[in-house]
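Below is one structure, written out as structure tokens, with a few remarks after it.
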Amino acid sequence: MMETPYILSAKGITKTFPGVQALENVDFSLKRGEVHALMGENGAGKSTLIKCLTGVEQPDKGTIEFDGAAVVVHSPQHAQEIGIATVYQEVNLCTNISVAENVMLGHEPKGVLGNISWKKMNEQAAQSLSKLGVAIDVTKPLGIYSVAIQQMVAITRALEFQSAKVLILDEPTSSLDAHETKQLFDVMRKLKSEGIGIVFITHFLDQVYEVTDRITVLRNGRYVGTFETSSLPRVKLIANMLGRSVSDLDDLSRSKQKVTKVEAGQAVLETKEMGKANYLEPTDLCLQKNEVVGLAGLLGSGRTELANLIFGIETPDTGELLINGKKVTSFSPLDSLKNGIALCPEDRKAAGIVGDLTIRENIILALQARYGWFKFIPLQKQYEIADRYIKLLGIVTPSPDQLTKNLSGGNQQKVILARWLATDPQVLILDEPTRGIDVGAKTEIQKLVLDLAGQGKSCIFISSELEEVLRCSHRVMVLRDHKLVAEFGEEVDDQTIMHTMAGDL
Amino acid sequence: MWNRIKLFLLNNGTLLFTILIFVVGYFICGRIYPAMQKPQVFFNLFINNASLLLLAIGMTFVVISNGIDLSVASMLALTTVASAALLKANVNPYVIMPLMLVMGISFGAFQGFIIQRLKVEAFVVTLMGSFFCRGMAYIISLTSVTITDPVYKSLGLQKVLIPGFGKTYVYLYSVVAIIVFLAAIYIAKYTRFGRTMYAIGNNEQSARLMGLPVERTRILVYAFSGFCSSLGGIAFSLALLSGYGQYAPTMEMDAIASVVMGGTLLTGGVGNVIGTLFGVLINGTIVSVLQFNGTLSSWWTRIGVGVLTLLFIGIQMLFQLGGKKKAS
Amino acid sequence: MKKSNLFDKFRHSRLFWPLMALTILLIFDAFYAPSFFKIGVLNGHLYGNLIDVLNDGAPLAIVAIGMTLVIATGGVDLSVGAVIAISAAMGAVLINPALGNQLITNDILTADRTNTPLGLIVLADIAAGTLCGLWNGLLVSRVRIQPMVATLILMVAGRGIAQLITNGQIMTIYYTPYFWFGNGFILGLPVSIYIVALVFVIAWLLVRKTSIGLFIESVGINSRSTHYSGISEKNVKLFAYTFCGFCGSIAGLILSSYVHSCDANNIGLAYELDAILSVVIGGTLMAGGRFSMASSILGAMIIWTFTLTMYTIGIPANTLLAAKAVLVMVVILLYSDQVRGLINRLGTKKGGSNVESN
């Protein structure tokens, strides 16, 4: 019998959660030595499929064949035993124990007494890490290293000691910078040449076209198709993912022209040499009425830090912050709220939504914070406010009494936006408002930003996607290494910005 | 070289601080109460606190794996009563002791099972376990039961001389506690079980995805704590030669306080058994100071332990801040 | 159809499970201890086991109200037992007529009078307890110590402080007006019931008629998001712990009044544990978030109904502890998602087969 080219193939996978059909009759097959992108909007079923393949969930129906034999994957542990390794976006390692342990635990070298041999463990771990070009002190706790390093450690663990034949990378690049991403791709190519099948999940189209061989697209829990990357144009891919045309995007460039010209005058918000030691270098930023200023820069370049300082999450120790020309003296989210500043934070789940509260409660939260403890917004008023913003922002939900955690990412983002719009802010800081949400919702949020600017509000727009920053902003400021390095007008192109971000110019 | 020392200090800061507090504290007390300078008085700490040490060792493991076990003191009390009652019924003492250990282990494992499988708060489960054990102890006997068994008597009074200190001695059960202590150090550092315990304490989800045996480890941790408690109970009944349901009424809190003073974080994932030993010794020192003074009232023990716990938490926080700064 | 909807709504309400548990207990009583339901009138006061449940359970119910708020913020307060002792000690010492450097004779000590006005005594009680709560709150919210550890400190030290206040004595109280809180009657019902009602109403108004309740739930669910929304999560926590201390002090007042004395070592012993259990039985998650104070009061009532049931049917007191542990464990297991999932699955299977047979 001829050996099949497929290392892993799943057929007819169906999975239902209470109230949700997460996967319906989905097929997926992975060849040996290929990088296979799994694409789809949020809620398309990518993560559920991964969970079924790795034993985190059990499919209701369908079969999985691994290495030519039918298998039932009981648990993540079982998946690893048979050779399916997974590296998640949020690195699932333990930050308190050493790097070496994180690589080796479960396969640790034994000493004479059956004890763990720390010396051997450290040596082996350092050696395996160096294969991926990582040279760090493996005896230190993992937590002190960057996410990129942690991810490399996770991959090392997956490869070296589980002799993985299939490697699943679930959005590994979303927190990596360009250099680290390149390093990761080198590693992926190397593994590919060794015959390992790689499933690669990402939101970055560029990366898909750079590194993958084939693409499988899912939509709403259904299988759309599997394509050769080289023969699938981007537009086609997006169309497949969305199940509709992409002409929505065209509307946007038109709406930008609708925005009234920004007039120089009293700045709504101005920072003068504002900074904080070990956090952000002194920075000057000036925001006019009706203006959208984009902040571009890599993760950790200082863009989130700048937003946090303005909003009072952290207190600056140099310089000053002026709102409408008045100096701000005390820094806290509540002070900012009263000054008409709003922040939609980068980490939506951890710092944005309050998952177990209803949509209504989430929406009125900031407004209520402004009113204080004793001026309780009457229930009827709460519903009015919630209904108004649900309609205004097109939040998809059967009722304002739904728990926010049950909404999709895009709708959650809209709830946070609603929370801040309800306080009628002058300045809206949006930190990665479109990360991890589907293309449709992305477009709507971009549109909304421009609409708001048209209505006399000012925005600071932070995003990793240059295209998006350019599309939404009147001016773009670029940060690098915790420092503001350049400022561009509307007519700048993404190449220039990219080079500035990278520090080539 | 200096850098390495600095790093060592930073990494083991809380532990070293605990040891320092103990040494300095004991030294000062020794100056005030010269009787405390006698080696025997020092070794009495190991005699008087053998049970607490055993309980605290089990507790350390539980806390490192991000749990809590409030049933330890009650298990100790139950063990004393159960063994005293069995001895009264003329059961062979060498049968009783393993039986008690089996009881402790299986009860601990049962608690671990409910916590891990049925996802009930450890706090609640072990609290109920605590009530249950004490209740069972009262069902066995409402009053104190004396032990007259010759084997228990001789074991309880079996002195072990400390080499190099002349006539200075500890009792056999102190030695057992020290052996368990050493074994616990080994288990925590050199076995997969031990390291998995740390991993779970930091992030259970990650530990599971790393393919580590989370369920088994957690159940074993509670079983170990049950083992330590029943062993502590045997030591207690050897020391007092009686069994009583009211013994060690708040010892679980003393054990937790010792663990915290020893630098183990109640949030799990960080800590070690050596620190716990010194936590127990500090606790014991306060008690002996009160005994030597005679005029100080007993409630100062409680206030003292409370204040010290607060102090140690402050120190831990300082070291954590220091560590974070270093990393960034 | 509508009826089943209403039932469904009730079934999913927070009060359903505690009420079910209480009902089962009472049904049990109806069969095995019918005398449990007897309510008589003596000297114009109602008496009987049900009244005792309310009266004896009152301090626990009050503590449970405070504990609910603390647990809802994602914390826990282990010090309530110690707070009860401190506030009781405060009251007992102030009542003691020996205060004020008089020559102490037995007559003076046991006299039914005091040098401190009753109002002041009550205020001092409450102030002491509330201060303890404030201390806990400051440690948790400002110093950022984990709640369990922060309150453990006062739990360990608190009884020592109480003994310090009473100088290690068991203080017997002879001042009769003070007894009213734990033994008095209004309209035939014990005063303590009215105190519970009063505390509950205060708490309810404070929490549900202001935004504090929403903020507490929000902090319990996601403290960081709450902070980012402009809410001072520190002050919210501070409030919860302080209020819990306040509740503890009221419980201390009732308890010391009830037993006519203050034994710093034993008064309110294990109340922190019973209070946490009441909250858990009431269905508020230990992780924090959504809470219901009424359910927690029900939880306290369940604990006391069970205790008194055991007494009534003559189960020896020494087995009570073990039996209580088993009962509560069963109740808690019924709450566990795992076990409930199992029950629900059985239920739906049954439902499914019914449909088929139709």
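Remarks
- Failed item, numbered, when B:Ala327 is tested on (1) within 11 Å of another protein chain (Cβ to nearest Cβ); (2) farther than 30 Å from B:Ile140 by Cα; (3) at pLDDT 85 or above; (4) in contact with a Phe, Trp or Tyr (Cβ under 9 Å, 6 or more places away or on another chain): (3)
- Residue in segment C:217-231 that is surrounded by fewer than 24 Cβ atoms within 10 Å (Cβ to Cβ), farther than 30 Å from A:Ile429 by Cβ and not aliphatic (A, V, I, L, M) present: no
Residue by residue, here is whether (1) in contact with a helix residue (DSSP H, G or I) (Cβ under 8 Å, 6 or more places away or on another chain); (2) hydrophobic (A, V, I, L, M, F, W, C); (3) within 18 Å of C:Val326 (Cα to Cα) holds:
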| residue | (1), (2), (3) |
| --- | --- |
| B:Ile57 | yes, yes, no |
| B:Val63 | yes, yes, no |
| B:Gly67 | yes, no, no |
| B:Val72 | yes, yes, yes |
| B:Leu78 | yes, yes, yes |
| B:Ala82 | yes, yes, no |
| B:Ala89 | no, yes, no |
| B:Val102 | no, yes, no |
| B:Gln116 | yes, no, no |
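- The residue that is farthest from the other protein chains (Cβ to nearest Cβ), counting only those in segment A:373-384 that are surrounded by fewer than 19 Cβ atoms within 10 Å (Cβ to Cβ) and within 33 Å of the chain's Cα centre (by Cα), is A:Glu384.
- Within segment C:244-282, the set of residues being surrounded by fewer than 24 Cβ atoms within 10 Å (Cβ to Cβ), within 14 Å of chain B (Cβ to nearest Cβ), closer than 19 Å to C:Ala92 by Cβ and touching a residue at least 24 places away in the same chain (Cβ under 8 Å) comprises C:Asp263, C:Asn265, C:Leu269.
- Among the residues of segment A:462-493, those identified as among the acidic types (Asp, Glu), at negative phi and either surrounded by fewer than 15 Cβ atoms within 10 Å (Cβ to Cβ) or at pLDDT 80 or above (or both) are A:Glu467, A:Glu468, A:Glu487, A:Glu490, A:Glu491, A:Asp493.
- Residues of segment C:115-148 satisfying the condition of being among the charged types (D, E, K, R) and buried (at least 16 other Cβ atoms within 10 Å of the Cβ): C:Asp125
- For segment A:344-372, filtering for residues that are at the interface with chain C (Cβ under 7 Å from one of its Cβ atoms) and either at pLDDT below 90 or under 26 Å from the mean Cα position of the chain (by Cα) (or both) leaves 12.
- Check on B:Gly314, in a helix (DSSP H, G or I), without any contact (Cβ under 8 Å) to a residue 24 or more places away in the chain, farther than 22 Å from C:Gly168 by Cβ and not basic (Lys, Arg): yes
- Within segment A:187-224, tally of residues that are within 16 Å of A:Val166 (Cβ to Cβ), touching a His at 6+ places or on another chain (Cβ under 9 Å) and not small (Gly, Ala, Ser): 7
- Failed criterion for B:Ala122 (all others in (1) more than 14 Å from chain C (Cβ to nearest Cβ); (2) within 30 Å of B:Thr196 (Cβ to Cβ) hold): (1)
- Qualifying residue in segment C:119-137 (condition: within 13 Å of chain B (Cβ to nearest Cβ) and part of a loop (DSSP other than H, G, I, E, B)): no
- Looking across segment A:301-318, the residues that are crowded, with 16+ Cβ neighbours inside 10 Å and either out of contact with any helix residue (DSSP H, G or I) (no Cβ under 9 Å at 6 or more places or on another chain) or over 30 Å from A:Glu180 (Cβ atoms) (or both) come down to A:Gly302, A:Arg303, A:Thr304, A:Glu305, A:Leu306, A:Ala307, A:Asn308, A:Leu309, A:Gly312.
- Matching residues in segment A:41-86 - criterion: being more than 23 Å from A:Phe17 (Cα to Cα), at pLDDT below 85 and buried (at least 23 other Cβ atoms within 10 Å of the Cβ): A:Gln80
- When A:Val112, A:Val56 are checked against the criterion of being farther than 30 Å from B:Thr267 by Cβ and in a loop (DSSP other than H, G, I, E, B), a single residue qualifies: A:Val112.
- C:Leu238 vs. criteria at the interface with chain A (Cβ under 10 Å from one of its Cβ atoms) and not charged (D, E, K, R): no
- Top-ranked residue of segment C:181-201 - restricted to ones that are farther than 22 Å from C:His260 by Cβ and either at pLDDT below 95 or in contact with a Gly (Cβ under 7 Å, 6 or more places away or on another chain) (or both), ranked as farthest from the other protein chains (Cβ to nearest Cβ): C:Gly188
- Of all residues making up segment B:154-177, the number that are polar (S, T, N, Q) and under 21 Å from B:Leu52 (Cα atoms): 2
- For segment A:208-244, a residue qualifies if it is closer than 20 Å to A:Gly440 by Cβ, in a helix (DSSP H, G or I) and in contact with a helix residue (DSSP H, G or I) (Cβ under 9 Å, 6 or more places away or on another chain), and the qualifying residues are A:Val208, A:Arg234, A:Leu237, A:Ile238, A:Met241, A:Leu242.
- Residues located in segment A:58-100, provided they are in contact with a strand residue (DSSP E or B) (Cβ under 7 Å, 6 or more places away or on another chain) and among the charged types (D, E, K, R): A:Asp60, A:Lys61, A:Glu65, A:Asp67
- A single entry from B:Val214, B:Val221, B:Val175 fulfils the requirement of being of a type in the set (Val, Ile, Thr) and crowded, with 24+ Cβ neighbours inside 10 Å: B:Val221.
- You will find that of B:Phe181, B:Phe131, the residue that is closer than 19 Å to B:Val72 by Cα, away from every other protein chain (no Cβ under 12 Å) and assigned to a helix (DSSP H, G or I) is B:Phe181 and no other.
- Residue within segment A:89-105 that is away from chain B (no Cβ under 12 Å) and not β-branched (Val, Ile, Thr) present: yes
- Any hit, segment A:297-313, residues being over 24 Å from A:Thr434 (Cβ atoms), assigned by TED's automatic domain parsing to the domain that holds A:Arg471, hydrophobic (A, V, I, L, M, F, W, C) and modelled with pLDDT of 85 or more: no
- Residue in segment C:45-54 that is hydrophobic (A, V, I, L, M, F, W, C), over 18 Å from the mean Cα position of the chain (by Cα) and assigned to a helix (DSSP H, G or I) present: no
For every residue, the table says whether it meets (1) outside any loop (DSSP other than H, G, I, E, B); (2) hydroxyl-bearing (Ser, Thr, Tyr); (3) modelled with pLDDT under 85.
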{"position": "C:Val83", "(1), (2), (3)": "yes, no, no"}
{"position": "C:Ser87", "(1), (2), (3)": "yes, yes, no"}
{"position": "C:Met90", "(1), (2), (3)": "yes, no, no"}
{"position": "C:Asp107", "(1), (2), (3)": "yes, no, yes"}
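The values are calculated or read from the model by the stated rules, or taken from the named source; none is laboratory data. This structure is a prediction, so every number in the text was calculated from the model and none was measured. Neighbour counts run over all protein chains shown; Cβ positions are idealised from the backbone, glycine included.
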